[in-house]
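To start, the structure itself, in structure tokens.
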Amino acid sequence: MSDARAAEHEELVDSPGALALAPRLKRAAVALQDAYAEEIDLRRPFLWRAAAAGAGVLLYFAANHEPSLTLCSGALAVAVLFCFLTRRHARARALFVALAFVAAGFAAGAWRTARVAAPVLPRLGIGELTGFVEEIDLRPAGARFVLRVASAEGLPGDIVPARVRLTTRGAPHFEAGDFVALKARLLPPARAALPGGYDFGRDAYFLRIGGVGSALGRIETMPPPDPAPLCCASSRASIACAMRWRRGFTRSSAATPAPLRRRWSPESATFCPKTQRISSAAPAFFTSSPSRACR
């Protein structure tokens with residue numbers, strides 16, 4: 001058997017394909033060395049660090065399960081250590097610097113996922129909630145709002161989600177930044193209905209929304225135990241600015257041509273999926289000057 005394997009090896013070595021492959025590999029190695037020398041002369045190697053970090057992020061998204069943040073941090077620390085140990089060898093140091101940035105991109109994705117982790121409802125539940133209203137989206141009938149939960153009772157597993165997204169049928173009598181108490185029927189955020197389809201559960205995870213549902217009964221406004229978060233105060237200012245813009249738009253709509261008035265009326269701005277959210281972007285989008293709408 002050994003003689004037969006030796007004969008096969010000699011045939012492979014003597015074959016034209018093997019003989020043609022060796023010079024190509026040698027030319028590729030020389031071209032790679034020349035390209036690296038050119039990058040060094042032009043002082044551009046640092047630009048590839050961003051590409052290496054992006055490659056690490058792509059590897060993170062390609063993982064078939066959530067990687068451990070501890071292992072990612074350990075790999076990054078090892079790569080940085082080898083960068084320090086090989087600081088006197090240019091090529092080895094360049095290799096480990098690239099690996100360190102790949103590990104940094106991979107660890108950044110894992111750290112981001114771990115940082116926004118929040119409790120998610122496992123099943124349907126009805127409970128009593130209190131918290132700050134962060135956002136309000138007006139609708140033709142009722143509104144949809146995001147509640148930053150301060151306390152929750154009666155939910156499955158005694159879970160207290162960080163945020164919930166609720167809908168109400170009636171016109172809201174509260175504003176962003178108000179502290180409210182209500183009873184709600186909550187469901188876990190919906191996953192993708194089809195493979196490769198829109199996954200609301202993924203977006204809800206990074207928004208720290210642990211449940212979606214509807215408010216049941218009356219929503220009571222009460223004094224907050226703590227000052228409202230800064231995001232609630234900014235939302236309140238944005239809504240007030242947008243409402244001033246709407247009132248000014250209504251007064252000036254008589255001088256607007258009919259086709260344009262039908263397209264950009266306050267009602268169409270409310271119903272349009274892209275503009276139904278009342279935010280500071282609405283005045284900047286529909287007026288020539290954002291400051292004019294805030295006067």
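The values are calculated or read from the model by the stated rules, or taken from the named source; none is laboratory data. What you see is a predicted model, and the numbers here were worked out from it, not measured in a lab. Heads up, the Cβs are rebuilt from the backbone with ideal geometry, glycines too, and the neighbour counts pull from every protein chain shown.
Taken together, the residues in segment 111-133 that are surrounded by fewer than 20 Cβ atoms within 10 Å (Cβ to Cβ) and touching a helix residue (DSSP H, G or I) at 6+ places or on another chain (Cβ under 7 Å) amount to 6. On the stretch given as segment 170-189, residues that are under 22 Å from Val120 (Cβ atoms) and modelled with pLDDT under 90 total 0. In this structure, Thr86 does satisfy being in contact with a Leu (Cβ under 9 Å, 6 or more places away or on another chain), surrounded by fewer than 17 Cβ atoms within 10 Å (Cβ to Cβ) and farther than 30 Å from Val212 by Cα.
Please work out if Pro195 is at pLDDT below 90 and within 15 Å of Ala150 (Cβ to Cβ). Taking the combined requirement at face value, the residue does not satisfy it.
Residue-wise test of (1) part of a strand (DSSP E or B); (2) touching a strand residue (DSSP E or B) at 6+ places or on another chain (Cβ under 6 Å); (3) surrounded by 15 or more Cβ atoms within 10 Å (Cβ to Cβ).
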| site | (1), (2), (3) |
| --- | --- |
| Thr167 | yes, yes, yes |
| Phe174 | no, yes, yes |
| Lys183 | yes, yes, yes |
| Gly197 | no, no, no |
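Against the conditions (1) assigned to a loop (DSSP other than H, G, I, E, B); (2) free of Cβ contacts under 8 Å to residues at least 60 places away in the same chain; (3) under 21 Å from the mean Cα position of the chain (by Cα), Pro189 satisfies every one except (2).
Restricting the search to segment 199-231, which residues are crowded, with 17+ Cβ neighbours inside 10 Å, assigned to a strand (DSSP E or B) and of a type in the set (A, V, I, L, M)? Within segment 199-231, Ile209, Val212, Ala215, Ile219 meet the criteria. Considering Ala62, Ala55, Ala50, the condition of being at pLDDT 70 or above, loosely packed, with under 10 Cβ neighbours inside 10 Å, in the same structural domain as Gly105 (by TED's automatic domain parsing) and not polar (S, T, N, Q) is satisfied by Ala62 alone.
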